[in-house]
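Accompanying notes for the structure given below.
The values are calculated or read from the model by the stated rules, or taken from the named source; none is laboratory data. Small disclaimer: the values here were computed from a predicted structure and weren't measured. Don't worry about glycine lacking a Cβ; one is built from the backbone with ideal geometry, like all the others, and counts go over all protein chains shown. For the accessible areas, the whole protein counts, side chains as well, though only heavy atoms, and no ligand, DNA or RNA atoms are used. Shrake-Rupley method; radii C 1.70, N 1.55, O 1.52, S 1.80 Å.
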Amino acid sequence: MPTNKTDTHKNSDFQLDNRAQKPFFELESEPVALLSLESLAMDSLSFDSAAFEQQEFFIPLGNAEQPEETPQIELDGMAKPAHAVAVHNINGDEASRAVVQFQHANNLLESLEAQDVYVPYQCREGYCGSCRTQLVSGEVAYLQEPMAWINNDEILPCCCVPKTDLQLKLKG
Amino acid sequence: MTYQTFNRNEFNALEQPMFFGENVNVSRYDVQKYGIFEQLIEKQLSFFWRPEEVDLSNDRSDFSNLPEHEKHIFVSNLKYQTLLDSVQGRSPNVALLPIVSLPELETWIETWSFSETIHSRSYTHIIRNIVPNPGEIFDDIMHNEHIIARAESVTRYYDDLIEGVNNYNNFGVGTHSINGQEVVVDLRELKKKLYLTVASVNILEAIRFYVSFACSFAFAERAKMEGNAKVIKLIARDEALHLTSTQHMMQIFAQGKDDPEMAEIAQECEQEVIQMFTDAAQQEKDWADYLFKEGSMIGLNKEILCQYVEYITNQRMQAVNLPAPFTVKSNPLPWMDAWLVSDNVQVAPQESEISSYLVGAIDAEVDTEEFGEFSL
């Protein structure tokens, strides 16, 4: 790697211990309704919706998933649709949940990973079935036909994108 | 019910069950009852690779520099893998082909078995490259009591089904006296043997193999025996397909649309299959005990491998709609996922040794301007 001789960094830029590091991008608190999180009926999972609404959700407005050159839907300059994805049972804990946003990623699995939701995976091509996840509500579109066995209420995040807002429940 | 290599009966192949219907006559794929098996064949063919493509020259020096207890882990693991693929390279053909009734499934079984023979050849390739006398390792497979104990549990259901199918083909349904012994051939009993065999193959491909993969990749995580890990990666990619196929078979059986009797049998056998899974998990843990008897290696020891056995058993049982028996929630070997990704199996030759090429990737887009200089 070529070294930059006119290095403009000062020593102080690397002193992370003394001061809070500047975040790479600012997260803004979003009113929940904006991302139609209201539409995610959480009742089916005995979800305390009052507590849910009072909580502040930090959903990055920008490119959380780092868009690549081949986005999943080409809309001739139109903004890509954003879908809210509520994930239950993360970390194998029945009560734990996260809400992430799907917009730019190539598939749902990439999007979840980019936003720190761990889903087991193996082939990433839809034939091994490691990423099987329960779809509680919403609809997905498959980019390639999944080959692994999935039950009627399950999806393979490695080869699909959301068509609507989603509610997922990870395997225990 | 003698087996016919080309069944003269006329019948609609779409109305046949997967097994124990008419013997297949025309290998036709224009219409298919279960398209998934055709897709699996296509995928398996696109994965084709040869062991010799992987360069193992660095593994020889890596291996000779390993401490003795790690050599024991590596070689024992390799022996176990050799055993598993020796079984898988022939048993699906011998056991399932005489009773299969769908052309696409018949071809899938042949394609599946064939790919296992490539795995067997790759173990010889590995062993040849790391030790001066490969014979010692292969000979020990038949003498090592721990390996032989594994063979027994792996082949029991196969042998049981093969014996039953032989009697069925020779004598048909009924009570027969064979060599002075009374043998009852009952089709429902045979179907039960078939169901248990498919379950045991699923366990073999989905749990036993993955435990051995974990050991192979644990070496490569420390940048040791990397050529070997490259071979295992190609094998793991194939095994993911095979386990998908056995999961499909089990689910198709359980749904009962294919053969209503099979759905009853699947229900009947549920407890037995759960027991088979947990037994296999226990056998894998005992094996871990043998592997690490002389000491553990950096990154992997008996406890972690046992946790992985429990984790993978949970995963595989859930995949066939069985309850998960163990409490372990998260993957104790998170780096396994990355080793098992199929899309980074393909590497540019300048980045490392050539390990696999997708043959036949052609750019089919031709612009009309390309013909600008043509004249007739």
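Structure notes:
- Eligible lysines near A:Lys163 by straight Cα distance, threshold 17 Å, same-chain separation 8 or greater: A:Lys80
- Across the range A:73-172, Cα-Cα distances exceeding 23 Å account for 18% of all pairs.
- Working from the Cα coordinates of chain B, the gyration tensor eigenvalues give, after taking √(5λ), semi-axes of 36, 31, 20 Å in decreasing order.
- Number of Lys-Lys pairs in the range B:181-282 with C-alpha atoms under 24 Å apart and a separation of 8 or more places or on different chains: 4.
- Of the residues B:Gly21, B:Ile36, B:Ser120, the one whose Cα sits farthest towards the positive end of the charge dipole of the range B:1-160 is B:Gly21 (charges of +1 on Lys and Arg Cβ, -1 on Asp and Glu Cβ, taken about the Cα centre).
- Part-to-part distance (alpha-carbon centres) for the range B:1-78 and the range B:135-189, which is given in Å: 21 Å
- What the phi angles of the range B:54-65 give under the Karplus curve with 6.51, -1.76 and 1.60, with θ = phi - 60°, is a coupling list of 9, 7, 10, 5, 6, 5, 4, 6, 4, 5, 5, 8 Hz, glycine and proline written as x.
- For the chain pair B and A, the buried solvent-accessible surface (1.4 Å probe, both sides summed) amounts to about 2100 Å².
- Scalar couplings 3J(HN,Hα) for the range A:114-119, obtained by applying the Karplus form with A = 6.51, B = -1.76, C = 1.60 to θ = phi - 60°, are 5, 10, 6, 9, 7, 10 Hz; x denotes Gly and Pro.
- Normalised by the number of residues in chain B, the average gap of Cα pairs under 8 Å and 6 or more apart makes the relative contact order 20 percent.
- As a rough guide to protection, the peptides B:164-170, B:304-310, B:269-275 ranked by mean Cβ packing within 10 Å, highest first, stand as B:304-310, B:164-170, B:269-275.
- Figure note: B:Arg316, B:Arg188 ranked by solvent-accessible area, largest first, 1.4 Å probe, ligands and nucleic acids not counted: B:Arg188, B:Arg316.
- Neighbouring partner chain Cβ atoms per residue of A:115-125, average, 10 Å criterion: 5
- If you take all other residues with their beta carbon under 15 Å from the beta carbon of B:Pro134, and give Lys and Arg +1 and Asp and Glu -1, the sum is +1.
- Label point at B:Glu136 placed 7 Å out along Cα→Cβ; residues across the range B:64-96 whose backbone nitrogen lies under 20 Å: B:64-83
- Peptide B:334-340 is shielded by partner chain Cβ atoms: per residue, an average of 3 of them sit within 10 Å of its Cβ.
- Peptide packing for B:284-290, B:138-144, B:240-246, B:333-339 was compared via the average number of neighbouring C-beta atoms within 10 Å per residue; ordered from the highest value, the list is B:240-246, B:284-290, B:333-339, B:138-144.
- Solution diffusion estimate, µm²/s, Stokes-Einstein, the range B:202-277, Kirkwood Rh from C-alpha pairs, 20 °C, viscosity 1.002 mPa s: 151 µm²/s
- Each Lys or Arg adds one and each Asp or Glu takes one away; over the other residues whose Cβ falls under 13 Å from the Cβ of B:Asn93, this sums to -2.
- Solvent-accessible surface of the range B:139-243, averaged per residue with a 1.4 angstrom probe and all protein chains in place: 37 square angstrom.
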